[in-house]
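To start, the structure under review is shown below, and the notes come after it.
Read-outs throughout are calculated quantities, based only on the coordinates presented, and are distinct from any laboratory measurement. The structure displayed is predicted, hence computed values, not measured ones. FYI the Cβ positions are ideal-geometry reconstructions off the backbone, even for glycines, and counts take in every protein chain you see.
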Amino acid sequence: MALTDRVQQILSWYSSENPGTQTNLVRLLNHGKLAGTGKLVILPVDQGFEHGPVRSFAPNPDAYDPDYHFQLALDAGCNAYAAPLGSIEAGASKFAGQVPLILKVNNSDTLAKIDQPCSALTASVEDALRLGCVAIGYTIYPGSGQRNQMYQDLRDLTIEAKRKGLVVVVWSYPRGAGLSKQGETAVDVCTYAATIAAQLGAHIIKVKPPTAHVEQPEHQKVFEKHGLKIESLADRTRLVVQSCFGGKRVLIFSGGEAKGETDVLKEVQELATGGSFGSIMGRNAFQRKRGDAVKLLTDVMDIYKKVS
Amino acid sequence: MALTDRVQQILSWYSSENPGTQTNLVRLLNHGKLAGTGKLVILPVDQGFEHGPVRSFAPNPDAYDPDYHFQLALDAGCNAYAAPLGSIEAGASKFAGQVPLILKVNNSDTLAKIDQPCSALTASVEDALRLGCVAIGYTIYPGSGQRNQMYQDLRDLTIEAKRKGLVVVVWSYPRGAGLSKQGETAVDVCTYAATIAAQLGAHIIKVKPPTAHVEQPEHQKVFEKHGLKIESLADRTRLVVQSCFGGKRVLIFSGGEAKGETDVLKEVQELATGGSFGSIMGRNAFQRKRGDAVKLLTDVMDIYKKVS
Amino acid sequence: MALTDRVQQILSWYSSENPGTQTNLVRLLNHGKLAGTGKLVILPVDQGFEHGPVRSFAPNPDAYDPDYHFQLALDAGCNAYAAPLGSIEAGASKFAGQVPLILKVNNSDTLAKIDQPCSALTASVEDALRLGCVAIGYTIYPGSGQRNQMYQDLRDLTIEAKRKGLVVVVWSYPRGAGLSKQGETAVDVCTYAATIAAQLGAHIIKVKPPTAHVEQPEHQKVFEKHGLKIESLADRTRLVVQSCFGGKRVLIFSGGEAKGETDVLKEVQELATGGSFGSIMGRNAFQRKRGDAVKLLTDVMDIYKKVS
Amino acid sequence: MALTDRVQQILSWYSSENPGTQTNLVRLLNHGKLAGTGKLVILPVDQGFEHGPVRSFAPNPDAYDPDYHFQLALDAGCNAYAAPLGSIEAGASKFAGQVPLILKVNNSDTLAKIDQPCSALTASVEDALRLGCVAIGYTIYPGSGQRNQMYQDLRDLTIEAKRKGLVVVVWSYPRGAGLSKQGETAVDVCTYAATIAAQLGAHIIKVKPPTAHVEQPEHQKVFEKHGLKIESLADRTRLVVQSCFGGKRVLIFSGGEAKGETDVLKEVQELATGGSFGSIMGRNAFQRKRGDAVKLLTDVMDIYKKVS
Amino acid sequence: MALTDRVQQILSWYSSENPGTQTNLVRLLNHGKLAGTGKLVILPVDQGFEHGPVRSFAPNPDAYDPDYHFQLALDAGCNAYAAPLGSIEAGASKFAGQVPLILKVNNSDTLAKIDQPCSALTASVEDALRLGCVAIGYTIYPGSGQRNQMYQDLRDLTIEAKRKGLVVVVWSYPRGAGLSKQGETAVDVCTYAATIAAQLGAHIIKVKPPTAHVEQPEHQKVFEKHGLKIESLADRTRLVVQSCFGGKRVLIFSGGEAKGETDVLKEVQELATGGSFGSIMGRNAFQRKRGDAVKLLTDVMDIYKKVS
């Protein structure tokens, strides 16, 4: 399909990238029900790895089968489906060319006790290419003592991905000895997490919805001095979007824990109002029965469509 | 031999792999007495390295000679023989082309005290290729603080193995500071271990038979909420098979410590009933006299043949 | 433009470098209002990464947008604009060829608690080349227990940069367990920091303005024995310039925290009198409104022009 | 010379190796007074590095000169001379083609206090090739917490050595936090050490003569249960030979500390009776005057000749 | 110039090296006032890096300029000039081909507190080649817990340097947790340090003048048993020379701290009498005024000339 003005505008922010990467960015933006709007809803399924299979899929046992998620992303009209290596391998050939794929190239589990959080590298750019993916996904934990390792691994992946025409999606989840538990979703920390990912060269950045907590004293002073509004989630979203290159990077928000449909939609409405480019919604999708999941994802997309 | 429907079905789950890897997967599935059934019985002999030679072979001194195990796997009609580098090198030329070989590429010993369990890399994909193997085997210890090192080493081996048409077999044995001793074979941990191996790109996954213990409180809640059945070994096996991509990955179980024939067969019967794709049986095979070992392996295969 | 005598003299100190590197050095020295004088004023913007976006840009929200800084450097007639990967990527195509770019290839943030200071590698020489930069920038923390890692990473970057015709700019900021807080800007430590960067092969070296504190007892003795003058900032600047290969390396000073215009200009005057080759001025530029910033940068350049 | 039946038999155990490696194995087996017998006596001189030059050579100062050892190995008719990089470099050209050389590629010294024993890598396969060596030699310390590092370094060396037609000799010396001092030469530990080296792909394995001590409780039980004979050194040697792939790997024993001629010969007689493939004898050779050393080495060879 | 008998004899000890390396060794031995004698006096200037610029150059401020040292080495007729990367880069083109250069490829500073001493890698073999050097120089600290890292880095540098025809000069300075302060220059430790460097493949070895202290009890026994003479510096030098492959490696001694002319010459006389191949003299040269430095270096060379 031809590019809409909005997609062309977004592309203009990535004018330093190869046509290969620009092409894959267009594939993401021009797929599914939100095609051409500049908004994205992505289905991510890495919970089998991150939390364990039974915790993730017992509520909806059909979801043990990797094919289920490809089909769900297709049926719901998501822009893309994101998952770890094994899941993508399981369906990449069967669903070849039907839905844009994001290969998650690092992952963690809950079995090991690791002092300073750091996910393991579990796939490579070569894997993404051989499996027909449009993007790699990588999680950083700003705040961790293993920060340098993670940023440097990402650096290596990013340069290779860009050289080979892939898009880079970064999950930026602050965590570690440098932060309080509450601080992990503090509004100042979220703005910082978005900036770090952008500076590391990410094309699409995923953060958690920010709370009204402010973690760093230096930031508290600045918030007060400049009277920054952070009361509503929409306000805070606006600040995080602005912090992400003045709005010139695609920034999306995670859906978080499974919850009621009303809560999900209310949160999405605030994010949309605040300027979010979209949502990435896992447990709230695949832990519902297929029909309910498709309906919820459709409602979410409708909200984003309205603000686009 | 032509592919049976079952083998074709199994192959369909690996449709994203190169024909080279698919070919070697067929070689494993179409060899020995279980050829074509989609079930596997594999003879693994790494105990000389893992426990020491005298502990392993004094009960049956013929087994000191590496040739013995090639011949035993052949005589018993196993699908494959798996061993560390030295053992494979000792007989690879003499037995060339007679039995599918799995080169174990990492190993541990009991001489060193290592805080966070992690096997040493002891062979490479290049070794597997020069020795005519169909697969590499790698052990991960989910739960260890060295998790990232292991997963990343496996990532490097896996991408190379797949590029070069080999099959990847992963021994997934939870262990380390993140787990209690009992938790190493807990049913929730076993399901998790199977998923992790699958997500890391393994084609064939080996876990220990799960006990009825549940290790993680978050899992305990889920087991209760959804009334998951874990009383019998067959029940638990069913859950582990399901956790392994809804049954779409070849999952086999280890035989564990040497024990009486009746106990071995009873356990195998439960595993088979629960949907296991087969067994990997070391000490219970090579620590018996050759005749007894062949008979026991034959009985095990018969059980799997019946459920296939 | 033709080379002035001064630029030719400076180039003669870099006669061992490839013509490619010499060419990029000329591009830096012959751009902007100070072109041909042998003096440099550089606009560096890495505070979004190093301190957080809100702390950095709330005083002047236009500065959230990476394009803003390219334009500011252009408007003010700076010799170059220096920034991390993401910022450079954001504008490199739009502003291609309009202002010399320095890609900052390592960065730190304030979220993580790291015992021994060490920035993360966040970009590469290949990035600098694909983005049309004339130089890479790298920060070392002499005094840190991670010294060897940093020097060795810089060694690898430097050899590659020189092979490919780039200029190497080193931020030499003493810090770590080997130094007191006060010692980080002590005059003896500053002279040492400048020398270390020069010995590591840097073409342009950036240090902080030295205070009159002397950190190391061995140095205190030498200062006394030889009656070295360190009372005024100009005196101390002179000593640092001399320590930097007897003045045969381009040495510039950072502007430090945001402060009043008078203070900025007074400090620059002292540095210029002491023989500084220029200044690198971030927060004092982009945290002012555009007009004020252009004016201040112009005043700074005028001071350097007078002493050239 | 044509291959004897015994050498052909030994070669048959290495049938998976390249002709290049087989050729160099023949060069070792067919050189010197024991040529064709399948037995080996090797002169190793790494004590200058491992213990210091004065401790090693003051008893016989001629031995400071590296040429001395090449000549001694030649005069005594040893199968090979083994030494670190510098020693081999010193004489490799002068004695080119006169005696098979084994390049020791890792070494330790007594100056550093290292918690977990691990030798430093000091030479490479490329060095062995450029210096005309037939083999590389590498020391592992099973029982050390640095086990993984050592096994993995050996893995890398071994695959390269085999690719390029060299023989791999492994010194397997248990040591480290996992073992008591007495346990380092315990008979169970020696059998284990021999197996580990064999499994790591070594062609020739060197261990210390085993004592009657049993280190691991699990082994003690097995020794008792199966009534294994370990009273005489010959008995224990037999067990170690058997543990080394049922006798299908060339296994030789070190001579240990300097001692009287009678003691040396008595020990060698026991080793020979127990099936040892030979001895590697350093201090007992080069710390004697040349004539005495040649006589002792000749007597040792005569013992092995008698049992061959 | 044609080779003298002595130079030919020295070359014969390096007969295993490539003609490229032999050529550069000749360039060192055939340059300056000692050309052809087989003796060497080298000017090393790494004190700016190792001790700080002001401590090093305030006594003679002309020495801040890197060109100064090239000219001093030329004027005094030294065999070579050795310095870190930046210093060599500063003058390599201007003085191209006028004096043999040794690029020091690792360095330390006094700003960082590092538990186990280990210099940082600061230059590469490629740097030495592009700058026209005849040799690389590398410092090891035997006795440090980082021994393995250093020996292995040196191994990598050495194999590359030899492949590309460079000479390898090793500064062997015992230091670290394995040694007392006094032990760093103990005579037994010096002999050991010289041997280690030789075994690591060094062509030219630099140690400190040994004191009469004996550090290791095992060595004390050997010194007593064999009645080794270590009273005079000449005696001790003789022992160190002998320990260095029986005198078949070029071994030179450092000049140490700045001191009076008489002391310098007296020490050199003892070293020369004991068989030293020469001296490497930094602070005693460049901290004197140029005229005095040239005179002192000339006197030192005269002493070596007399014993050649």
Ranked on Cβ counts within 10 Å of their own Cβ, fewest leading, D:E218, E:E270 go D:E218, E:E270
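Given the pairs A:K113/B:K295; D:K113/D:K206; C:K164/D:K162; D:K104/D:K266, which are separated by over 32 angstrom at their Cα positions?
Working: A:K113/B:K295 44 Å; D:K113/D:K206 25 Å; C:K164/D:K162 37 Å; D:K104/D:K266 28 Å.
As for pairs spanning more than 32 Å Cα to Cα, those are A:K113/B:K295; C:K164/D:K162.
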Ranked by GNM mean-square fluctuation in chain D (Cα springs under 10 Å), the top entry among D:I159, D:I42, D:I280 is D:I159
The relative contact order of chain A, taking Cα pairs under 8 Å that sit 6 or more residues apart, comes to a percentage of 18
The stretch A:48-192: spread of alpha-carbon positions along the three principal axes, whole Å, largest first, is 44, 41, 28
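To the nearest 20 Debye, how big is the dipole of chain A about its Cα centre, given +1 on the beta carbon of each Lys and Arg and -1 on that of each Asp and Glu? Please list the in-between numbers first.
Numbers: 34 positive and 31 negative charges, 110 e Å.
In debye, rounded to 20, chain A gives about 520.
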If amide H atoms are modeled at 1.01 Å from N in the peptide plane, then the residues at a separation of 5 or more from C:N106, or on another chain, having amide H under 5 Å from its own are C:T122, C:T139
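Pulled fully out, how much extra length does the chain show between B:K181 and B:D302, if you take 0.36 nm times their separation in residues and subtract their Cα-Cα distance?
On the way: separation 121, 0.36 × 121 = 43.56 nm, distance 3.33 nm.
Stretched fully, the B:K181-B:D302 segment lengthens by 40.2 nm.
Over the stretch B:55-194, what is the relative contact order in whole percent, taking alpha-carbon pairs under 8 Å and six or more residues apart?
18
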The exposure ranking of B:M281, A:M1, fewest beta-carbon neighbours within 10 Å first, is A:M1, B:M281
Total charge of the residues flanking A:C118 in space, meaning their Cβ is under 14 Å from its Cβ, with Lys and Arg +1 and Asp and Glu -1, is 0
The rounded separation in angstrom of the Cα centers of the stretch B:94-145 and the stretch C:229-308 is 61
Rounded to 0.05, the calculated FRET efficiency for the beta carbons of E:E126 and C:L11 at R₀ = 30 Å is 0.85
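If you take every residue apart from E:L101 with its C-beta less than 14 Å away from the C-beta of E:L101, what net charge results, scoring Lys and Arg +1 and Asp and Glu -1? All intermediate terms of the calculation are to be shown ahead of the outcome.
Working: positive: E:R27, E:K94, E:K104, E:R130; negative: E:D46, E:D67, E:E89, E:D127.
Computed value for this residue: 0.
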For A:K94, counting only lysines whose alpha-carbon sits under 16 Å away and dropping same-chain residues fewer than eight positions off, the answer is B:K248
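Let me make sure I get this right: for the stretch C:171-282, a, b and c are the square roots of the gyration tensor eigenvalues over alpha carbons, sorted descending. Under 1.5 in a/c it's rounded, otherwise prolate if a/b > b/c, else oblate. Which is it? Kindly include the intermediate steps, with their values, before the conclusion.
On the way: a/c = 1.35, a/b = 1.25, b/c = 1.08.
It is rounded, given that a/c, with a ≥ b ≥ c, falls under 1.5.
Under the rule a/c < 1.5 gives rounded, and otherwise a/b versus b/c splits prolate from oblate, where does chain C land using the Cα gyration tensor?
Details: a/c = 1.24, a/b = 1.20, b/c = 1.03.
Rounded, because the longest to shortest axis ratio a/c is under 1.5.
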Among C:S108, C:Q149, C:S56, the residue whose Cα sits farthest towards the positive end of the charge dipole of chain C, when +1 is placed on the Cβ of each Lys and Arg and -1 on the Cβ of each Asp and Glu, is C:Q149
Checked the stretch E:222-261 with the C-alpha gyration tensor, a ≥ b ≥ c its square-rooted eigenvalues, rounded below a/c of 1.5, otherwise prolate if a/b is larger than b/c and oblate if not; verdict oblate
Computed on Cα atoms, Rg of the protein assembly as shown relative to 2.2 N^0.38 Å comes out at 0.98
With Cα springs under 10 Å, the Gaussian network model of chain E assigns the largest mean-square fluctuation among E:V54, E:V41, E:V170 to E:V54
Computed about the Cα centre, the charge dipole of the stretch B:84-213 from +1 Lys/Arg and -1 Asp/Glu charges at the Cβ has a magnitude in debye, to the nearest 20, of 180
When C:H213, C:H203 are arranged by how many other beta-carbons sit within 10 Å of their Cβ, fewest first, they go C:H213, C:H203
Largest fluctuation, A:A80, A:A112, A:A120 only, Gaussian network model of chain A with Cα springs under 10 angstrom, belongs to A:A112
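Evaluate the relative contact order of the stretch E:1-89 (contact order divided by residue number), counting alpha-carbon pairs under 8 angstrom at least 6 apart; express in whole percent. Mind showing how you got there, number by number?
On the way: 92 pairs, mean separation 28.1, N = 89.
The value is 32 percent.
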Per the 1/(1 + (r/R0)^6) rule, R0 = 30 Å and r from the Cβ atoms of B:E257 and B:Q152, FRET efficiency to 0.05 is 0.45
Applying the span-like rule to chain A (DSSP H, Cα extent along axis at least 20 Å, Kyte-Doolittle mean at least -1.0) gives A:290-307
Calc'd 3J(HN,Hα), the stretch E:41-52, phi into Karplus 6.51 cos²θ - 1.76 cosθ + 1.60 (θ = phi - 60°), Hz, glycine/Pro = x, comes to 10, 10, 9, x, 9, 10, 5, x, 7, 6, 10, x
